[in-house]
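The values are calculated or read from the model by the stated rules, or taken from the named source; none is laboratory data. Just so we're clear, the structure is a prediction, and the values are computed from it rather than from any experiment. For neighbour counting, all protein chains shown are included, and Cβ atoms are generated from backbone atoms with ideal geometry for every residue, glycine included. What goes into the accessible areas is simple: the full protein's heavy atoms, side chains included, and nothing from ligands, DNA or RNA. Shrake-Rupley method; radii C 1.70, N 1.55, O 1.52, S 1.80 Å.
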Amino acid sequence: PTLPTATPVAAKLASHDGAVQKTPQVSVDDMHGNWDSFAFAPIRESQVSRAMTRRYFADLDAHAESDVVIVGAGSCGLSTAYVLASRRPDLRIAIVEASVSPGGGAWLGGQLFSAMVMRKPADAFLREVGVPYEDEGAYVVVRHAALFTSTLLSKVLLMPNVKLFNATCVEDLITRPGEGDEGIRVAGVVTNWTLVSMHHDDQSCMDPNTINAPVVISTTGHDGPMGAFCVKRLVSMQRIEKLGGMRGLDMNAAEDAIVKNTREIVPGLIVGGMELSEVDGANRMGPTFGAMALSGVKAAEEALKVFEL
Ligand code: AHZ
């Protein structure tokens, strides 16, 4: 298709823009020994701009009405997305991640060590996603946490019903009056570029954007500059009185509690992963990740109930 150009001069400059160039497909091995004649297929810079922006704005347009918004793409958020999107390819799922790099705290196993430990039965999730591990009896070890995160992330990103908006943060919740004594119902999220959100104090008002969705799943991790975002907002809007505050480390108590208590906290808002420890005053588990994966499985199951009604 011929791309629209601004003026006749621009049209002339863009003369090779129009046609879809048919280039022969080569293999990497075909390049061997042919570097003197090497050249990339020609491109005009505007083609690159349009290739990116056209898709991004189409995604923004489509996902302005989503079925599910997942806030945070750490180990819990990505596990949630994997289960939800694979079980229900008909659902439109937006993941909003504040950081440029999705994955949260799951690129290392603990401190600066590579291996990632998951207690059984979280090995079931690794088998489903296709992450190899060493079986140590009661627990399994993935040889590098980045192998878990990159494999899970790539599977999620390949799903056509999921869009990851990274470098974008949720800076508020959309609410509606609930039914009966529900109080409020969460009906979507308010978003902004993270870099903009970080500068509300030193710039004039920079209004946000919105995504409507009947189900929001918040997995923003434990308290920190960005963490536990949605539950902290529930306190400031007086929807819950106060946070329990994450307690000290107890792997056994923490992992069971996080999975079991993954639930809808207020109508329309499911909370999973370490954000939940802030609500319930649950222990932290430190460097073991089974509860993050299985809290994701449970969060997805809670969301699916809404769409099965
Ligand atoms: O960038 C955050 C991270 O990637 C993102 N996030 C936080 N606030 C956000 C906001 N909008 C959008 N307002 C936001 N994104 O949420 C992600 C949270 O990932 P995480 O790895 O921190 O949380 P998790 O609950 O998936 O995993 C927790 C991992 C931990 S912490 C811990 C301990 O200290 O005991 N143990 C484990 C296993």
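Provide the gained length on full extension for the span Leu112 to Glu136, in nm with one decimal, where the gain is 0.36 nm per separating residue minus the Cα-Cα distance. The partial results should precede the final answer.
On the way: separation 24, 0.36 × 24 = 8.64 nm, distance 2.14 nm.
Stretched fully, the Leu112-Glu136 segment lengthens by 6.5 nm.
Other residues whose C-beta falls under 15 angstrom from the C-beta of Phe125 contribute a net charge of +1, scoring Lys and Arg +1 and Asp and Glu -1. For region 178-244, the relative contact order comes to 27 percent (Cα pairs under 8 Å, sequence separation of at least 6). Compared with the dominant principal axis of the Cα atoms in the chain, helix 251-261 is inclined by about 80°. The mean sequence distance of close C-alpha pairs (under 8 Å, at least 6 residues apart), as a share of the length of the chain, puts its relative contact order at 20 percent. Our helix-only sum for the chain, with -39,500 (n - 2.57) per DSSP H run of n ≥ 4 divided by its residues, gives a mean residue ellipticity at 222 nm of -10500 deg cm²/dmol. If you bin all the Cα-Cα distances of the chain at 10 Å, starting from zero, the percentages per bin are 6, 24, 29, 21, 12, 7, 2, 0. Sorted largest first by accessible area at a 1.4 angstrom probe radius, with every protein chain in place, the residues Phe125, Phe307 fall in the order Phe307, Phe125. Legend: distances between Cα atoms for Lys120/Lys260; Lys120/Lys298; Lys163/Lys232; Lys260/Lys305; pairs beyond 19 Å are Lys163/Lys232. Sorting 175-182, 289-296, 145-152, 233-240 by their mean Cβ neighbour count within 10 Å, with the most densely packed peptide first, gives 289-296, 145-152, 233-240, 175-182. Relative to the dominant Cα principal axis of the chain, helix 145-158 is inclined by about 60°.
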